[in-house]
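**Q** Handing you this structure, nothing more for now.
The values are calculated or read from the model by the stated rules, or taken from the named source; none is laboratory data. Predicted model only: the values in this text are computed from it and were never measured. Because the Cβ atoms are built from the backbone with ideal geometry, glycine has one as well, and the counts that use them run over all protein chains shown.
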Amino acid sequence: MKRRHDWPHGRRRLGSLIVPGLLLFASCAAHAAGPHFALATTATELFVFRDQGTWGAKSWSRLLGVNPGSAALAGVAADGSYVYVVDNSADGKLIVGRVADLLGTPTWVEVATVALQSADGSKKVKSPTRLAPDGRGGVYVIGGSQGANSYFAYVKPTAGDWALPIVSIGDLPGSVMADVAVGRLGTSAIIAHSKDTPTTTRASHASKVVEGDVSSTTDLSPLCLNARAVAVVQALGADGYAYVVNYNSDSTRTKGSVRAVDIATGMPRGTQGIELPDMIPEDVTTFAVGQDYYLGIVGHDAALQRAMVWKVPLSADDWTPLPGSAVSRELPITTGHQAAASSDGEVLWYVSETGAMGVLDTASWTAMAPPVANGWFLGEGIRLENVAEYPPSLIPEPSSLASLGGLIAAVVSIRRRRR
């Protein structure tokens, strides 16, 4: 609430009481949030996990299920208010919802389902796979190819109303899109993708996009082939640095690579990709421990025999990855990894197609309690395929708001009596 200097003195005093009260309440609400939460999907179900709490020994809850064949859940993301899940069926859709009673028995509340296509239906995001909210109410979604075209979508509500969504469609012709991440300002995103060039097959590229428009595309070669994932350290540079991990640094698949992109300019940093010895990446996330920044990379060793998760520090001089100083941890699972770090940098979540969810303490790089045998196991035949952090914005209960109102009224009454 904006204060006006021409208000009567009494109203100024009331404002001086209300604002601290609201700040105190916000502080208490934030403190009460406590546990770290993550979302994960199988092809037909959406789950929410937390690393501590009162859901029982399993510490997870099923939120959403769809009928096999009619829909196929894939990428998942959240912006604190909404949860977004993509339907990976041929004509892709974005499912928008909320999580109710998060600290009790979490339940799914659907808000909208949005077709990922242009108004005339001529441009569609086929088989969407990954998505990234921009923190301003919109979300980017990438998918497969439609002939020679590779469409992505930017979706946002009209004046906050998801009953009237706005869908902007962009195109990266001849590309295989891998992942998307948004800069700190929320005004642009980086899409990591691969496409053939006159000299290289499946060369990795990074495109800077603003809603449905492509503002620039750059080749990340050399030493960057088959882009696999991208994650952003938002605190760096003018709008964050995006780190694109690649399945190959050369054609023999003996090691992966990583290259940073300045989101503000859309240009890569350095002269070439940085090889990741003995690392074949499948996904990447970023986190900070104190003043130090890291990449969390999940994947396999070069022999494709061990599943691994690496903690790769970034140089404090120029924020380039230092794979020679990485700390590794072998995972109990072998395929289909994804990872996500909490916004406070304290935990890293990982999933696998075997139905296991694990969480690591990022400082010590050790498994956290309560997971048993390095992770929660949902059961035979369940394949967890996607994971995202869930940083919820807790909505105060009516009783809490009433208590706050009573506290403010009491203080105002006391001040009036003293006058």
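**Q** On the given criteria, is residue 166 surrounded by fewer than 16 Cβ atoms within 10 Å (Cβ to Cβ), part of a strand (DSSP E or B) and β-branched (Val, Ile, Thr)?
**A** On the way: surrounded by fewer than 16 Cβ atoms within 10 Å (Cβ to Cβ): yes; part of a strand (DSSP E or B): yes; β-branched (Val, Ile, Thr): yes.
Yes.
**Q** Picking from 192, 227, 206, which residue would you name as being in contact with a His (Cβ under 7 Å, 6 or more places away or on another chain) and within 20 Å of residue 173 (Cα to Cα)? Talk me through it step by step, then tell me what you get.
**A** Details: 192 fails: in contact with a His (Cβ under 7 Å, 6 or more places away or on another chain); 206 fails: in contact with a His (Cβ under 7 Å, 6 or more places away or on another chain).
Going through 192, 227, 206 in turn, the sole match is 227.
**Q** Can you pull out the residues in segment 147-163 that are under 22 Å from residue 72 (Cα atoms) and either of a type in the set (Phe, Trp, Tyr) or not in a strand (DSSP E or B) (or both)?
**A** 147, 151, 152, 154, 162, listed by residue number.
**Q** Out of 269, 259, I need the residue that is touching a Cys at 6+ places or on another chain (Cβ under 8 Å) and closer than 22 Å to residue 218 by Cα. Which one?
**A** On the way: 269 fails: touching a Cys at 6+ places or on another chain (Cβ under 8 Å).
After applying the criteria, what remains is 259.
**Q** Within segment 269-282, can one find any residue that is among the basic types (Lys, Arg), modelled with pLDDT of 95 or more and not in a strand (DSSP E or B)? Outline the logic, then answer.
**A** Pass one, segment 269-282, residues among the basic types (Lys, Arg): 269.
Next cut, modelled with pLDDT of 95 or more only: 269.
Checking which are not in a strand (DSSP E or B) leaves us with 269.
Yes, because at least one residue in segment 269-282 is among the basic types (Lys, Arg), modelled with pLDDT of 95 or more and not in a strand (DSSP E or B).
**Q** Taking the residues in segment 74-101 that are under 19 Å from the mean Cα position of the chain (by Cα) and in a loop (DSSP other than H, G, I, E, B) as candidates, determine which candidate is modelled with the lowest pLDDT.
**A** Initial filter on segment 74-101 (under 19 Å from the mean Cα position of the chain (by Cα)): 74-88, 93-99.
Filter once more, so that each one left must be in a loop (DSSP other than H, G, I, E, B): 79-82, 88.
Working: 79: 93, 80: 82, 81: 85, 82: 96, 88: 91.
So, considering only residues that are under 19 Å from the mean Cα position of the chain (by Cα) and in a loop (DSSP other than H, G, I, E, B), the one modelled with the lowest pLDDT is 80.
**Q** Determine which member of the set 175, 194, 188 is surrounded by 14 or more Cβ atoms within 10 Å (Cβ to Cβ), out of contact with any Leu (no Cβ under 8 Å at 6 or more places or on another chain), within 17 Å of residue 242 (Cα to Cα) and not basic (Lys, Arg).
**A** The match here is 188.
**Q** For segment 344-391: of the residues being at pLDDT 90 or above and more than 19 Å from the chain's Cα centre (by Cα), which is nearest to residue 288 (Cα to Cα)?
**A** So, considering only residues that are at pLDDT 90 or above and more than 19 Å from the chain's Cα centre (by Cα), the one nearest to residue 288 (Cα to Cα) is 363.
**Q** Follow-up. Against the definition (within 18 Å of residue 200 (Cβ to Cβ), buried (at least 20 other Cβ atoms within 10 Å of the Cβ), modelled with pLDDT of 95 or more and of a type in the set (Ser, Thr, Tyr)), how does residue 257 come out, yes or no?
**A** Details: within 18 Å of residue 200 (Cβ to Cβ): yes; buried (at least 20 other Cβ atoms within 10 Å of the Cβ): yes; modelled with pLDDT of 95 or more: yes; of a type in the set (Ser, Thr, Tyr): yes.
The answer is yes for residue 257.
**Q** How many residues, within segment 113-146, are part of a loop (DSSP other than H, G, I, E, B) and hydroxyl-bearing (Ser, Thr, Tyr)? Can you show your working first?
**A** As a first pass, look at segment 113-146 and keep what is part of a loop (DSSP other than H, G, I, E, B): 116, 118-123, 125, 127-129, 134-138.
Adding the requirement that they be hydroxyl-bearing (Ser, Thr, Tyr) leaves 118, 122, 127, 129.
Number of matching residues: 4.
**Q** I'd like to know if segment 88-102 contains one or more residues that are without any contact (Cβ under 8 Å) to a residue 12 or more places away in the chain and of a type in the set (A, V, I, L, M, F, W, C).
**A** Restricting attention to segment 88-102, the residues satisfying the condition of being without any contact (Cβ under 8 Å) to a residue 12 or more places away in the chain are 100-101.
Pick out the ones that are also of a type in the set (A, V, I, L, M, F, W, C) and you get 100.
Checked segment 88-102: at least one residue is without any contact (Cβ under 8 Å) to a residue 12 or more places away in the chain and of a type in the set (A, V, I, L, M, F, W, C).
**Q** In addition: Select from segment 252-268 the residues that are assigned to a loop (DSSP other than H, G, I, E, B), under 15 Å from residue 303 (Cα atoms) and in contact with a strand residue (DSSP E or B) (Cβ under 8 Å, 6 or more places away or on another chain) and list them in ascending order. Explain how you work it out, then say what you get.
**A** Taking segment 252-268 first, the residues assigned to a loop (DSSP other than H, G, I, E, B) are 252-255, 263-266.
With under 15 Å from residue 303 (Cα atoms) added as a condition, the list becomes 252-255.
253, 255 - these are the residues of segment 252-268 that are assigned to a loop (DSSP other than H, G, I, E, B), under 15 Å from residue 303 (Cα atoms) and in contact with a strand residue (DSSP E or B) (Cβ under 8 Å, 6 or more places away or on another chain).
**Q** Additional query: Report, by residue number, each residue of segment 302-359 that is hydroxyl-bearing (Ser, Thr, Tyr) and in contact (Cβ under 8 Å) with a residue 40 or more places away in the chain.
**A** Restricting attention to segment 302-359, the residues satisfying the condition of being hydroxyl-bearing (Ser, Thr, Tyr) are 315, 320, 325, 328, 334-335, 342-343, 350, 352, 354.
Once the filter is applied, which keeps residues that are hydroxyl-bearing (Ser, Thr, Tyr) and in contact (Cβ under 8 Å) with a residue 40 or more places away in the chain, segment 302-359 yields 320, 342, 343, 350, 352.
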